1. Restricting attention to the stretch 66-92, which residues are closer than 30 Å to Leu50 by Cβ and either touching a His at 6+ places or on another chain (Cβ under 8 Å) or at pLDDT below 65 (or both)?
2. I'd like the full set of residues that are farther than 20 Å from Met71 by Cβ and in contact with a Pro (Cβ under 6 Å, 6 or more places away or on another chain), limited to the stretch 1-17.
3. Just checking, which of Asp97, Asp22, Asp38 is at pLDDT below 75 and either under 30 Å from Pro6 (Cβ atoms) or among the aliphatic types (A, V, I, L, M) (or both)?
4. For the stretch 100-124, give me the residue count where each residue is within 27 Å of Pro21 (Cβ to Cβ), modelled with pLDDT of 70 or more and not in a helix (DSSP H, G or I).
5. Out of the stretch 25-66, which residues are under 13 Å from Leu12 (Cα atoms), outside any loop (DSSP other than H, G, I, E, B) and either of a type in the set (Ser, Thr, Tyr) or touching a Gly at 6+ places or on another chain (Cβ under 8 Å) (or both)?
6. Please determine, by comparing only the residues of the stretch 18-37 that are without any contact (Cβ under 8 Å) to a residue 12 or more places away in the chain and of a type outside the set (A, V, I, L, M, F, W, C), which one is farthest from Phe64 (Cα to Cα).
Amino acid sequence: MSSRLPSRIAWLAKEIIPHEPDLRRWLRGRISASTIDDVVQESYAILAALHTVEHILTPRTYLFSVAKSVMLKAVRNAPVVEMDRFAEAESLQVPCDLPDPETIVADRQELGRLASLIEELPPK
(Lines give C-alpha, C1' and ligand atoms only; values in the text may rest on other atoms or scores of the structure.)
Protein backbone atom coordinates (compact mmCIF):
# COMPACT_ATOMS: atom_id res chain seq x y z
CA MET A 1 0.00 0.00 0.00
CA SER A 2 1.37 3.41 -0.96
CA SER A 3 2.11 5.75 1.93
CA ARG A 4 0.16 8.53 0.20
CA LEU A 5 -3.00 6.44 -0.18
CA PRO A 6 -4.63 7.29 3.19
CA SER A 7 -4.02 11.01 2.72
CA ARG A 8 -5.30 10.85 -0.88
CA ILE A 9 -8.46 9.05 0.26
CA ALA A 10 -8.99 11.73 2.92
CA TRP A 11 -8.42 14.49 0.33
CA LEU A 12 -10.89 12.90 -2.10
CA ALA A 13 -13.46 12.47 0.67
CA LYS A 14 -13.12 16.07 1.84
CA GLU A 15 -12.47 18.01 -1.37
CA ILE A 16 -13.99 16.01 -4.24
CA ILE A 17 -16.83 13.70 -3.22
CA PRO A 18 -19.03 16.53 -1.83
CA HIS A 19 -19.20 17.91 -5.40
CA GLU A 20 -20.44 14.67 -6.97
CA PRO A 21 -24.15 15.68 -6.94
CA ASP A 22 -23.29 18.93 -8.77
CA LEU A 23 -21.14 17.02 -11.24
CA ARG A 24 -23.92 14.54 -11.94
CA ARG A 25 -26.40 17.40 -12.50
CA TRP A 26 -23.94 19.07 -14.86
CA LEU A 27 -23.41 15.83 -16.79
CA ARG A 28 -27.16 15.17 -17.08
CA GLY A 29 -28.35 16.42 -20.43
CA ARG A 30 -24.82 16.55 -21.79
CA ILE A 31 -24.23 12.82 -22.02
CA SER A 32 -26.45 9.77 -21.91
CA ALA A 33 -27.64 8.75 -18.46
CA SER A 34 -26.05 5.34 -18.91
CA THR A 35 -22.55 6.85 -19.16
CA ILE A 36 -22.70 9.31 -16.23
CA ASP A 37 -21.52 6.67 -13.75
CA ASP A 38 -18.60 5.80 -16.05
CA VAL A 39 -17.50 9.44 -16.34
CA VAL A 40 -17.73 9.99 -12.58
CA GLN A 41 -15.83 6.77 -11.83
CA GLU A 42 -13.11 7.51 -14.39
CA SER A 43 -12.76 11.04 -12.99
CA TYR A 44 -12.27 9.63 -9.48
CA ALA A 45 -9.70 7.15 -10.80
CA ILE A 46 -7.72 9.91 -12.51
CA LEU A 47 -7.73 12.06 -9.37
CA ALA A 48 -6.74 9.14 -7.16
CA ALA A 49 -3.83 8.31 -9.47
CA LEU A 50 -2.32 11.82 -9.45
CA HIS A 51 1.20 11.92 -8.07
CA THR A 52 0.33 15.00 -6.03
CA VAL A 53 -2.68 17.25 -5.46
CA GLU A 54 -0.87 20.26 -4.00
CA HIS A 55 -1.23 22.12 -7.31
CA ILE A 56 -5.04 21.90 -7.17
CA LEU A 57 -6.30 25.22 -5.84
CA THR A 58 -10.01 24.72 -6.60
CA PRO A 59 -10.84 21.01 -6.32
CA ARG A 60 -14.42 21.44 -7.61
CA THR A 61 -13.28 23.16 -10.79
CA TYR A 62 -10.52 20.59 -11.24
CA LEU A 63 -13.04 17.74 -10.87
CA PHE A 64 -15.29 19.26 -13.54
CA SER A 65 -12.29 19.75 -15.85
CA VAL A 66 -11.27 16.13 -15.43
CA ALA A 67 -14.83 14.99 -16.12
CA LYS A 68 -14.94 17.16 -19.26
CA SER A 69 -11.69 15.55 -20.46
CA VAL A 70 -13.12 12.10 -19.82
CA MET A 71 -16.26 13.01 -21.80
CA LEU A 72 -14.21 14.39 -24.72
CA LYS A 73 -12.05 11.27 -24.77
CA ALA A 74 -15.18 9.10 -24.91
CA VAL A 75 -16.61 11.20 -27.76
CA ARG A 76 -13.35 11.01 -29.71
CA ASN A 77 -13.08 7.25 -29.24
CA ALA A 78 -16.71 6.51 -30.11
CA PRO A 79 -17.11 4.54 -33.36
CA VAL A 80 -19.68 7.03 -34.70
CA VAL A 81 -19.74 10.62 -33.56
CA GLU A 82 -22.26 13.22 -34.63
CA MET A 83 -20.35 16.38 -35.50
CA ASP A 84 -22.86 18.51 -33.57
CA ARG A 85 -22.29 16.40 -30.48
CA PHE A 86 -18.51 16.72 -30.79
CA ALA A 87 -18.67 20.50 -31.24
CA GLU A 88 -21.05 20.75 -28.29
CA ALA A 89 -18.73 18.67 -26.09
CA GLU A 90 -15.70 20.79 -27.05
CA SER A 91 -17.47 24.00 -26.08
CA LEU A 92 -18.66 22.91 -22.63
CA GLN A 93 -18.01 25.48 -19.95
CA VAL A 94 -16.61 24.03 -16.76
CA PRO A 95 -18.27 25.59 -13.70
CA CYS A 96 -15.75 27.73 -11.86
CA ASP A 97 -15.54 28.69 -8.20
CA LEU A 98 -13.87 31.99 -9.07
CA PRO A 99 -15.90 35.19 -9.38
CA ASP A 100 -16.65 36.52 -12.85
CA PRO A 101 -14.82 39.66 -14.10
CA GLU A 102 -17.83 41.90 -13.44
CA THR A 103 -17.95 40.82 -9.79
CA ILE A 104 -14.22 41.43 -9.40
CA VAL A 105 -14.54 44.98 -10.79
CA ALA A 106 -17.59 45.74 -8.63
CA ASP A 107 -15.83 44.41 -5.52
CA ARG A 108 -12.73 46.53 -6.23
CA GLN A 109 -14.88 49.63 -6.66
CA GLU A 110 -16.65 48.89 -3.39
CA LEU A 111 -13.28 48.47 -1.64
CA GLY A 112 -12.16 51.82 -3.06
CA ARG A 113 -15.30 53.52 -1.72
CA LEU A 114 -14.80 51.87 1.66
CA ALA A 115 -11.16 53.01 1.78
CA SER A 116 -12.26 56.59 1.01
CA LEU A 117 -14.84 56.50 3.80
CA ILE A 118 -12.26 55.17 6.27
CA GLU A 119 -9.83 57.96 5.32
CA GLU A 120 -12.56 60.55 6.03
CA LEU A 121 -13.07 59.32 9.59
CA PRO A 122 -11.79 61.68 12.27
CA PRO A 123 -8.66 60.66 14.14
CA LYS A 124 -9.28 58.76 17.35
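The values are calculated or read from the model by the stated rules, or taken from the named source; none is laboratory data. These numbers come from a predicted model, not from an experiment. Reconstructed Cβ throughout: ideal geometry from the backbone, glycine too, with neighbour counts over all protein chains shown.
1. Scanning the stretch 66-92 gives Val81, Arg85, Phe86, Ala87, Glu88, Ala89, Glu90, Ser91, Leu92.
2. The answer is Glu15, and nothing else.
3. On inspection, the qualifying residue turns out to be Asp97.
4. 0
5. Ser43, Tyr44, Tyr62 - these are the residues of the stretch 25-66 that are under 13 Å from Leu12 (Cα atoms), outside any loop (DSSP other than H, G, I, E, B) and either of a type in the set (Ser, Thr, Tyr) or touching a Gly at 6+ places or on another chain (Cβ under 8 Å) (or both).
6. Quick first cut of the stretch 18-37, residues without any contact (Cβ under 8 Å) to a residue 12 or more places away in the chain only: 18, 21, 25, 28-29, 32-34, 37.
Still in the list and also of a type outside the set (A, V, I, L, M, F, W, C): 18, 21, 25, 28-29, 32, 34, 37.
Values: Pro18: 13, Pro21: 12, Arg25: 11, Arg28: 13, Gly29: 15, Ser32: 17, Ser34: 18, Asp37: 14 Å.
It comes out as Ser34.
Per-residue answers, yes or no, for (1) under 21 Å from Leu72 (Cα atoms); (2) of a type in the set (Phe, Trp, Tyr); (3) in contact with a Cys (Cβ under 7 Å, 6 or more places away or on another chain):
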| site | (1), (2), (3) |
| --- | --- |
| Ser7 | no, no, no |
| Trp11 | no, yes, no |
| Ile17 | no, no, no |
| Leu23 | yes, no, no |
| Gly29 | yes, no, no |
| Ser32 | yes, no, no |
| Ser43 | yes, no, no |
